[in-house]
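Participant: Here you go, one structure.
Taken together, the values in this text are just the output of simple stated rules run on the coordinates, not laboratory data. Since the model is a prediction, treat every value here as computed from it, not as a measurement. Here Cβ is always computed from backbone atoms with ideal geometry, including for glycine, and neighbour counts include all displayed protein chains.
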Amino acid sequence: MEPLKISLVGDAPPPPPAEAPADYRGETPNRNGFVVAWPPQRYWKSASETDLTGEKPLHLYFHIPYCLQRCRYCFYKIEILSDSSHAQRERYVSALCREIELVADAHRLRGRAVRSIYFGGGTPSVIPPEQLARIKRTIERCFRLEDPEFVFEIEPITLNNRMIDGLANLGVNRISFGIQSFDDRVVALTGRHDTDEKNSRAIERALQTGAVVNVDLLAGLEGETMDSWQHSIDRAIALGVHAVTVYKMELYSNAHYMSEIRQGKLSLPSEDEELAFARWGLDRLRDNGYAPSTYFTFTREGKYPQHHIISRWRGEDLYGFGASAFGTVAGHARQNVSEIDVYLERVESGRIPTQRVLELSSADHMMRDLVMGLKTTVIDLDEYRRRHGLRLDHALADEIAHLSREGLVAVEDGRLRLTDEGIVYGDYSGRYLGAGLRRVFTGDTKPLRA
């Protein structure tokens, strides 16, 4: 039987047979290709006016593109601030407040309920508490807050008593530290000025506030060894943080790491070494009572899930504010302009700073809820069928059977879930199933790329 032909974002005429790409079914498990959004942002088109009217609760993301130091592995578009750059920070905060007002009115979002707020970056904690309070007051004027989860990313060197008090007054109830490593030697090689002692002291102070505390660790940094990695995992556990997020080191062309590797000046741990780090970390966290909340975040006793990111991956409405911020509302994926100066100029002239937008088709929604949904480690097959009218366990029977033989997924009690090994290969498993769904729709067998 010929497969049903459904157009998906990114479809293109097939190349000549001699140049046919590899079949996704021949791809071996790997930890490469972090999936940020679906459909991938490279397929989103130039901005156009869209109607985002709806009644569903919102999740809000605010991007702060400033840091006090540039990490050598970092690929984000950021600017380094000096201690005297008060006017620069104030201008950006004013633009954020103006954007909130513009969006609430133009897209008829004013009065919508808000379930979560997330300040990410960059380094949000470079913004003083009084300016953060301005943003919060603007949010309260434009939206209806329903006891939201309020997540705030912090650079340890910026945490002082003034910031601690300011975050409490804002209502922040989840704090995330981008530690990356507790090993002083590894940290110094990244270009950062943090130390194990300073980081641990900052985390202990945050824990005393009563907020849920997460620590990010990055596997595969320059100079990382099994001993230094074990020290980082054990330090996070000993501090008693509520959540530990383990990322894989990803190389991008605009990071200092990449240019140094191309010049032969830098060598990173091999993929096999990074895989060993990940497996050891997962086992150690499990042995100490941490269970997977997503495929890279492990929470104490399985409690303290981060609702903001899980809700986004499950397709709930999220609007992103600030330079380069993105989200999806009312079936439209959208992203702001990434250049900070352009962002400021547009908002200050009274224009919404959207750069690109994409209206998701029914097939795109189905792909997103599979590829991104599996990041939460489990997909309710009955709920997926109710939402999309498709039984994944039938349509993707061969793909699920293959991943089951690899020990990556299991189907139990009507739920498709990642195994412990599947968590190690979380994005691969999602891409493999997504490629299978695309094959069902279009007949295309190319591997799915982030």
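Participant: With a point put 7 Å past each Cα toward its Cβ, work out how far Tyr247 is from Arg110 in nm, to one decimal.
Facilitator: With each label point 7 Å from Cα toward Cβ, the separation is 3.7 nm.
Participant: A follow-up question, please. Which Cα, out of Asn169, Gly191, Ser181, lies furthest along the positive dipole direction of the stretch 145-197 (beta carbon charges, K/R +1, D/E -1)?
Facilitator: Working it through, the farthest residue towards the positive pole turns out to be Gly191.
Participant: What length, rounded to one decimal in nm, is gained on full extension from Asp287 through to Asn254, with 0.36 nm per residue of separation minus their alpha-carbon distance?
Facilitator: Computed gain between Asp287 and Asn254 is 8.1 nm.
Participant: Given Cα pairs under 8 Å that are at least 6 residues apart, what percent is the relative contact order of the stretch 58-310?
Facilitator: 17
Participant: Another question about this same structure. Using DSSP to define loop residues, name the trypsin sites (Lys or Arg not before Pro) in the stretch 213-266 whose beta-carbon has at most 11 other beta-carbon atoms within 10 Å.
Facilitator: When the trypsin sites (Lys or Arg not before Pro) of the stretch 213-266 are filtered for loop state and at most 11 Cβ neighbours within 10 Å, Lys265 remain.
Participant: Also: Would you please name the chymotrypsin sites (Phe, Trp or Tyr not before Pro) within the stretch 186-288 that are DSSP coil residues with at most 16 other C-beta atoms within 10 Å of their C-beta?
Facilitator: Filter output for the stretch 186-288: Tyr252.
Participant: Obtain the nm distance between the two label points defined at Gln69 and Glu412 by a simple spin-label model: each point lies 7 Å from its Cα along the Cα-to-C-beta direction.
Facilitator: 4.3
Participant: Right, another one. On a full-extension model of 0.36 nm per residue, what is the gain between Thr209 and Glu101, subtracting their alpha-carbon distance, rounded to one decimal in nm?
Facilitator: 35.7 nm
Participant: Another one. For every helix of n ≥ 4 consecutive DSSP H residues, a contribution of -39,500 (n - 2.57) applies; sum these over the chain, divide by its total residues, and give [θ] at 222 nm rounded to the nearest 500 deg cm²/dmol.
Facilitator: Helix-only estimate at 222 nm: -11500 deg cm²/dmol.
Participant: Follow-up. Simple spin-label model, 7 Å along Cα-to-Cβ: Gln88 to Ser349 in nm?
Facilitator: Result for the modelled spin labels: 2.3 nm.
Participant: Please give the contour-minus-distance gain from Arg385 to Leu266: 0.36 nm per residue of separation, less the Cα-Cα distance, rounded to one decimal in nm.
Facilitator: 38.0 nm
Participant: Follow-up. Report the FRET efficiency, 1/(1 + (r/R0)^6), for Arg134 and Asp184, where r is their Cβ-Cβ distance and R0 is 41 Å, rounded to 0.05.
Facilitator: Calculated transfer efficiency: 0.65.
Participant: Taking the DSSP beta bridges in the chain as the whole, what percent of them are antiparallel, to the nearest 5?
Facilitator: So the antiparallel bridges in the chain amount to around 40 percent.
Participant: Next question, about the same structure. DSSP beta bridges in the stretch 58-310, what fraction antiparallel, as a percent rounded to 5?
Facilitator: Taking every DSSP beta bridge within the stretch 58-310, about 15 percent pair in antiparallel fashion.
Participant: Cysteines without a disulfide-compatible partner in the chain, using Cβ under 4.7 Å as the rule?
Facilitator: When partners are defined as cysteine Cβ atoms under 4.7 Å apart, the chain leaves Cys67, Cys97, Cys142 without one.
Participant: Counting only Cα atoms, I'd like the Rg/Rh figure for the stretch 58-310, Kirkwood definition for Rh.
Facilitator: Working: Rg = 18.7 Å, Rh = 19.2 Å.
Using Cα coordinates only, the ratio equals 0.97.
Participant: Right, next: For the chain, with the dipole built from +1 on Lys and Arg beta-carbon atoms and -1 on Asp and Glu ones, taken about the Cα centre, which of Ala219, Ala397, Pro305 lies farthest toward the positive end?
Facilitator: Pro305
Participant: Kirkwood hydrodynamic radius of the stretch 100-215 from all distinct Cα pairs, in Å?
Facilitator: Answer for the stretch 100-215: a Kirkwood hydrodynamic radius of 15.4 Å.
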